[in-house]
Every structure is written in C-alpha cells, then in structure tokens.
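The values are calculated or read from the model by the stated rules, or taken from the named source; none is laboratory data. Everything numeric here is computed off the predicted structure, so don't read it as measured data. Virtual Cβ from ideal backbone geometry, glycine too; neighbours counted across all protein chains shown.
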Amino acid sequence: MSIPEPPLSEYLQRLAYWADRIRDGTHEMTPQGRTDFAAVLHLAAERAEQLEADAAAARSAAVDAAVRRVLADRAGAPPPIAPTSEHFTRLIDIAYGRVPGVVLLPVRYARAVPWGQADEGGAA
C-alpha cells in the first residue's frame, strides 16, 4: 500500500511558508534547505503537470461523450427525404398550374381603382 501524495496546495503552502521566513530573515537558507526547497518546487511542478494532463483527459472525454450523444441522436432521427425525378416533375406541374388548387405564385391582378373614381353605374 502506497502513501498518497499530498495535494498541490500543500506543496505550495510549504513553499510560501519557507519563502516568507527567508524573506523576513527568520530563517536562512542552508545548503540542505536549498536542496529541499528545490525538491519541493520540482514536486509541485510535477504535480501541476499531472493535474493539467488529468484535466485535459477529462475535458477530452467530456467532449467525446457529447459528440457521441449528438451523433446517436442524429442516427436515431429519420433520414431526410431525397428528391427524386418525381419531385421535380411535380414542382414543374405546380409551376405551370397543372395541379388544381395549388398556386406556386399568385396571379397579379390589375391595380385597384382609387376610391371615388369607380363607375357608379347609376349615372343617368
């Protein structure tokens, strides 16, 4: 059974603690202290790289799952109707007015006569 590594935040807290002590003059860096400080820096960097790789893998897995879900939804949908020669023939018949009750483009009628100019029909 292996001992789990401490979280990255703990490494960074250790580094911050010792950096504060050295800056304040409370502690001095001995050769062993410099070696330990460098080792903790390297461990923190390795842990950060591992976390970045894990995050990238999780992001990639989430994207893959989303794409699979979308593709599965599309695969379950009925395929679109492909136009055939019958469709085009029907459209041509509609355009020429050969299909009763179906108007492709409305017929333009003559302009309406402005009000008051129409023939009243009752002139004597």
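Which pairs turn up if I take residues in segment 33-62 that are modelled with pLDDT under 85 and look for partners that are charged (D, E, K, R) with beta carbon separation below 6 Å, at least 6 apart in sequence or on another chain?
Once the first residue is modelled with pLDDT under 85 and sits in segment 33-62, its partners that are charged (D, E, K, R) give Val40/Arg14.
Give the residue that is nearest to Ala45 (Cα to Cα), with candidates limited to residues of segment 1-10 that are at pLDDT below 80 and surrounded by 11 or more Cβ atoms within 10 Å (Cβ to Cβ). Steps first, please.
Initially, segment 1-10 is screened for residues at pLDDT below 80, giving 1-8.
Keeping just the survivors that are surrounded by 11 or more Cβ atoms within 10 Å (Cβ to Cβ) gives 5-8.
On the way: Glu5: 13, Pro6: 13, Pro7: 12, Leu8: 9 Å.
Top of the filtered list is Leu8.
Can you go through Val67, Val63, Val99 and tell me which one is more than 43 Å from the chain's Cα centre (by Cα) and β-branched (Val, Ile, Thr)?
Val99
Taking segment 25-81 as the region of interest, how many residues are over 20 Å from Glu10 (Cα atoms), among the hydrophobic types (A, V, I, L, M, F, W, C) and not in a loop (DSSP other than H, G, I, E, B)?
Result for segment 25-81: 13.
Yes/no per residue for (1) touching a Pro at 6+ places or on another chain (Cβ under 9 Å); (2) at pLDDT 65 or above; (3) of a type in the set (Asp, Glu):
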site	(1), (2), (3)
Arg68	no, yes, no
Ile81	no, yes, no
Asp93	no, yes, yes
Val102	no, yes, no
Ala118	no, no, no
Gly122	no, no, no
